[in-house]
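The values are calculated or read from the model by the stated rules, or taken from the named source; none is laboratory data. Worth saying up front: this structure is predicted, and the values here are computed from it rather than measured. Here Cβ is always computed from backbone atoms with ideal geometry, including for glycine, and neighbour counts include all displayed protein chains.
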Amino acid sequence: AEAVRVMALVRRFAALLRTAGHAASTASAAFDQWLDDARASGVRAVETFAQGLTQDAAAVKAALTSSWSNGQTEGQVTKLKLLKRTMYG
C-alpha cells in the first residue's frame, strides 16, 4: 500500500513538471496540494523531499508557472562538459 501511495505521488509530481508553463493558473494550487499530500504520506523520503521543496516553494512555483525554460542552455552545457571530460581523460 505504501508503494502505491509513493507511485501515485511520483506520477502526480511528474505530471506537474510536464505541464509546467501550460496550466499556470492551476499549477500553483496543484503544487500546494501535492506538497500537503507528500508531507502526510508517511514515507520519510517523500516527506523530506517535500520539506525541501517547501523551503524553496517560491522558486518551484515560478518554474511551474513560467513559460520560459533553460533546457536548451543546460543541454549545451552538458554537451560541453562531456566533451571536456573526454578530452582530459
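Condition first: surrounded by 13 or more Cβ atoms within 10 Å (Cβ to Cβ) and of a type in the set (Val, Ile, Thr). Can you find one or more residues in segment 79-87 that meet it? Steps first, answer last, please.
Restricting attention to segment 79-87, the residues satisfying the condition of being surrounded by 13 or more Cβ atoms within 10 Å (Cβ to Cβ) are none.
Within segment 79-87 (the criterion being surrounded by 13 or more Cβ atoms within 10 Å (Cβ to Cβ) and of a type in the set (Val, Ile, Thr)), the answer is no, since none of the residues qualifies.
Yes or no, residue by residue, for (1) closer than 27 Å to residue 26 by Cβ; (2) modelled with pLDDT under 90:
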residue	(1), (2)
37	yes, no
41	yes, no
52	yes, no
59	yes, no
63	yes, yes
67	yes, yes
72	yes, yes
79	no, no
Next on the checklist: Filter segment 33-57 down to the residues that are out of contact with any Ser or Thr (no Cβ under 8 Å at 6 or more places or on another chain) and closer than 15 Å to residue 15 by Cβ and list them by number.
Outcome noted: 33, 34, 37, 38
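May I ask you to list the residues in segment 1-20 that are surrounded by 14 or more Cβ atoms within 10 Å (Cβ to Cβ) and either on the phi > 0 side of the Ramachandran plot or in a helix (DSSP H, G or I) (or both)?
5, 6, 9, 12, 13, 16
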